[in-house]
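Here the structure comes first, spelled out in structure tokens, and everything after it is commentary.
The values are calculated or read from the model by the stated rules, or taken from the named source; none is laboratory data. Since the model is a prediction, treat every value here as computed from it, not as a measurement. Positions of Cβ are generated from backbone atoms using ideal geometry, with glycine treated the same way; all protein chains shown enter the neighbour counts. To get the accessible areas, we keep the full protein, side chains included, count just its heavy atoms, and leave off ligands, DNA and RNA. Shrake-Rupley method; radii C 1.70, N 1.55, O 1.52, S 1.80 Å.
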Amino acid sequence: QSRLVESGGGLVQPGGSLRLSCLASGFALDYHGVGWFRRAPGKEREGVACIEGGSTETAYAESVKGRFTISRDKNMAYLQMNNLKPEDSGVYYCAAEAWSANSCPRPQEVYDYWGQGTQVTVSS
């Protein structure tokens, strides 16, 4: 069964770093579009970063540009988060759009697979 599982969340102080991982089971991510999303308490889920299928082209939300980096390798996707801020707190999800070479960002509804989420808390 194809699925995504995130890991790497936790509690970190402002200015710290975390690396989120997304493991794809049952398929490789190389030719899938991959996105990272987050949902802060009381807010709607929003796109954070994405990488195009079969490409190294990436896109980032303005709020995380220069601090977050998305990458992908075979059946893993990563989100390196540096200089974290309290407003980065939330549940982070990875998602995959099957066999997509579309440029990103992409609307959430096009993603075929979603992980269960991993909690990130930035607090002193």
Selection within the stretch 71-96 - among the charged types (D, E, K, R) and closer than 24 Å to Gly53 by Cα: Arg72, Asp73, Lys74
Residue match in the stretch 106-120 (condition: assigned to a loop (DSSP other than H, G, I, E, B), over 26 Å from Gln1 (Cβ atoms) and more than 14 Å from the chain's Cα centre (by Cα)): no
Pick from the stretch 85-105, criterion without any contact (Cβ under 8 Å) to a residue 60 or more places away in the chain and in a loop (DSSP other than H, G, I, E, B), ranking: most open to solvent (accessible area, probe 1.4 Å): Ser103
